[in-house]
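The values are calculated or read from the model by the stated rules, or taken from the named source; none is laboratory data. As the structure is a prediction and not an experimental result, all values here were calculated from the model. Cβ placement follows ideal geometry from the backbone for every residue including glycine, while neighbour counts extend to all protein chains displayed.
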Amino acid sequence: MKLVTYNIQYGVGKDGNSDLARIAKAVAGADVIALQEVVRHMPMVEAGDQPAELAALLPGYHWVYGAGVDLDRSEVRADGTIVRRRMQFGNMLLAKQPILSSRLFMLPKLSALGHQTSQRAALEGIIETGAGPLRLFSTHLSALYSRERKLQAAELLRLHRDGPMSGAAVDGPNNWATRNGLSCPPVPEAAVIMGDFNFEPSHPEYALMAGEVDPIYGRIATRDGFADAWVSAGHEETQGVTYPYNPENDTPHDMRLDYIFVSAALAGCVESVRIDSGAQGSDHQPVWAELAL
């Protein structure tokens, strides 16, 4: 199974032009696609309905979309008719397999004096694979500061650990979903969290996700946590660049901010991970992983 995660920056590429077609071209062929910074009706880039546009460009995929930020951008015409329009900023999941169930979880948010903060979210989707059901997340953590990201990473871990106990989105005997012929699978333990985490491997937030470092034994992933697929594939933590240095946007240096984290039991299923350093459609680079599922 091939997975890819890509922060698309509203489709605005390194050349300053907005082009969703090159975003679709960069991720086409994956079995699962996780996208971040997908928007609807954002004035700053004159964006329309990007989830619908991307879905049209990738017609062989099932998809879901969830927005952390949802603001009114409707207008009232002269005759009093309301044109309903929402400015949304969020995450998208696409899969060749049906997305049997989807939920949107809001992550902790802190307000900061003198700085912009935005509501971030984790979009969940469950698909069936040859190895059983798989829980997928597309997420995007805070870009501002570590304290907020720590809270958000902790919430992702809680969602992972408590998920199987919470049950399906609709469950129980003779529920209305099954009565209507719908499939609502239970929440599996196997999970993959993909996205722009806005932290580097040296940061404490990374340790929350991938395990703490012991001076003798090195990085220790726990059974109820996650493994960094990049490292599981044989790369060094300090290798790789998903957010290249750019003096125009205050990037201090080349950074690896985008990850595919797999639940501990899946670490041995990681066959390869690569960063598409040639993609030009965003200020981030796509990360691809192949899992034996």
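Please enumerate the residues belonging to the stretch 45-86 that are of a type in the set (D, E, K, R) and either in contact with a Ser or Thr (Cβ under 7 Å, 6 or more places away or on another chain) or at negative phi (or both).
Our first condition is that a residue be of a type in the set (D, E, K, R); within the stretch 45-86, this holds for 46, 49, 53, 70, 72-73, 75, 77, 79, 84-86.
Across the stretch 45-86, the qualifying residues are Asp49, Glu53, Asp70, Asp72, Arg73, Glu75, Arg77, Asp79, Arg84, Arg85, Arg86.
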Some residue of the stretch 67-85 being closer than 18 Å to Val4 by Cβ and out of contact with any Leu (no Cβ under 7 Å at 6 or more places or on another chain) = no
task = Taking the residues in the stretch 68-126 that are charged (D, E, K, R) and in contact with a Phe, Trp or Tyr (Cβ under 7 Å, 6 or more places away or on another chain) as candidates, determine which candidate is farthest from Ser166 (Cα to Cα).
result = Lys96
request  = For the stretch 81-132, name all the residues that are in contact with a helix residue (DSSP H, G or I) (Cβ under 8 Å, 6 or more places away or on another chain) and among the hydroxyl-bearing types (Ser, Thr, Tyr).
outcome  = Thr117
note = Contact list, first residue from the stretch 136-155 and farther than 23 Å from Ser263 by Cα and among the small types (Gly, Ala, Ser), second anywhere and at pLDDT 95 or above and crowded, with 18+ Cβ neighbours inside 10 Å, beta-carbon distance below 6 Å, six or more apart or interchain, is Ala143/Asn198
task = Among the numbered conditions (1) modelled with pLDDT under 95; (2) surrounded by fewer than 16 Cβ atoms within 10 Å (Cβ to Cβ), tell me where Ala154 comes up short.
result = (1)
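Residue by residue, here is whether (1) in contact with a Pro (Cβ under 9 Å, 6 or more places away or on another chain); (2) aliphatic (A, V, I, L, M) holds:
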| residue | (1), (2) |
| --- | --- |
| Gly11 | no, no |
| Leu20 | no, yes |
| Val38 | yes, yes |
| Glu53 | no, no |
| Arg73 | yes, no |
| Val83 | no, yes |
| Arg86 | no, no |
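Out of Asp214, Asp224, I need the residue that is closer than 29 Å to Arg161 by Cα, surrounded by fewer than 17 Cβ atoms within 10 Å (Cβ to Cβ) and touching a His at 6+ places or on another chain (Cβ under 9 Å). Which one? Can you show your working first?
Values: Asp214 fails: touching a His at 6+ places or on another chain (Cβ under 9 Å).
Asp224 is the lone residue from the list that is closer than 29 Å to Arg161 by Cα, surrounded by fewer than 17 Cβ atoms within 10 Å (Cβ to Cβ) and touching a His at 6+ places or on another chain (Cβ under 9 Å).
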inquiry  = Contact list please: Cβ distance under 6 Å, first residue in the stretch 28-47 and touching a residue at least 40 places away in the same chain (Cβ under 8 Å), second residue surrounded by 13 or more Cβ atoms within 10 Å (Cβ to Cβ) and of a type in the set (Ser, Thr, Tyr), pairs at least six apart or on different chains.
reply    = Ala34/Thr5; Ala34/Ser138; Leu35/Tyr6; Glu37/Tyr10; Val39/Tyr10
ask   = Considering only residues of the stretch 238-269 that are more than 17 Å from Phe197 (Cα to Cα) and among the polar types (S, T, N, Q), which is surrounded by the fewest Cβ atoms within 10 Å (Cβ to Cβ)?
value = Asn249
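Looking for whichever is surrounded by 15 or more Cβ atoms within 10 Å (Cβ to Cβ), at pLDDT below 95 and farther than 24 Å from Leu144 by Cα here; the options are Val170, Val187, Val231. Which one fits? Outline the logic, then answer.
Numbers: Val170 fails: surrounded by 15 or more Cβ atoms within 10 Å (Cβ to Cβ); Val231 fails: at pLDDT below 95.
Criteria check complete, one pass: Val187.
Regarding the stretch 127-134, can at least one residue be identified that is surrounded by fewer than 21 Cβ atoms within 10 Å (Cβ to Cβ), more than 27 Å from Leu291 (Cβ to Cβ) and in contact (Cβ under 8 Å) with a residue 40 or more places away in the chain? Talk me through it step by step, then tell me what you get.
Keep residues of the stretch 127-134 that are surrounded by fewer than 21 Cβ atoms within 10 Å (Cβ to Cβ), which gives 128-133.
Filter once more, keeping what is more than 27 Å from Leu291 (Cβ to Cβ): none.
No: the stretch 127-134 contains no residue that is surrounded by fewer than 21 Cβ atoms within 10 Å (Cβ to Cβ), more than 27 Å from Leu291 (Cβ to Cβ) and in contact (Cβ under 8 Å) with a residue 40 or more places away in the chain.
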Odd one out for Val231, checked against (1) in contact (Cβ under 8 Å) with a residue 40 or more places away in the chain; (2) within 29 Å of Gln97 (Cα to Cα) = (1)
inquiry  = Just the residues that are buried (at least 18 other Cβ atoms within 10 Å of the Cβ) and at positive phi, please, taken from the stretch 10-44.
reply    = Tyr10, Gly11, Glu37
ask   = Given the residues Ser263, Ser277, which is the only one that is out of contact with any Ser or Thr (no Cβ under 6 Å at 6 or more places or on another chain), polar (S, T, N, Q) and farther than 26 Å from Lys14 by Cβ?
value = Ser263
query = Among (1) at pLDDT 95 or above; (2) in contact with a strand residue (DSSP E or B) (Cβ under 6 Å, 6 or more places away or on another chain); (3) over 21 Å from Tyr243 (Cα atoms), which single condition is Asn91 missing?
reply = (3)
message = Can you pull out every residue in the stretch 157-167 that is touching a residue at least 40 places away in the same chain (Cβ under 8 Å) and either over 16 Å from Leu104 (Cα atoms) or exposed (fewer than 14 other Cβ atoms within 10 Å of the Cβ) (or both)?
response = Arg161
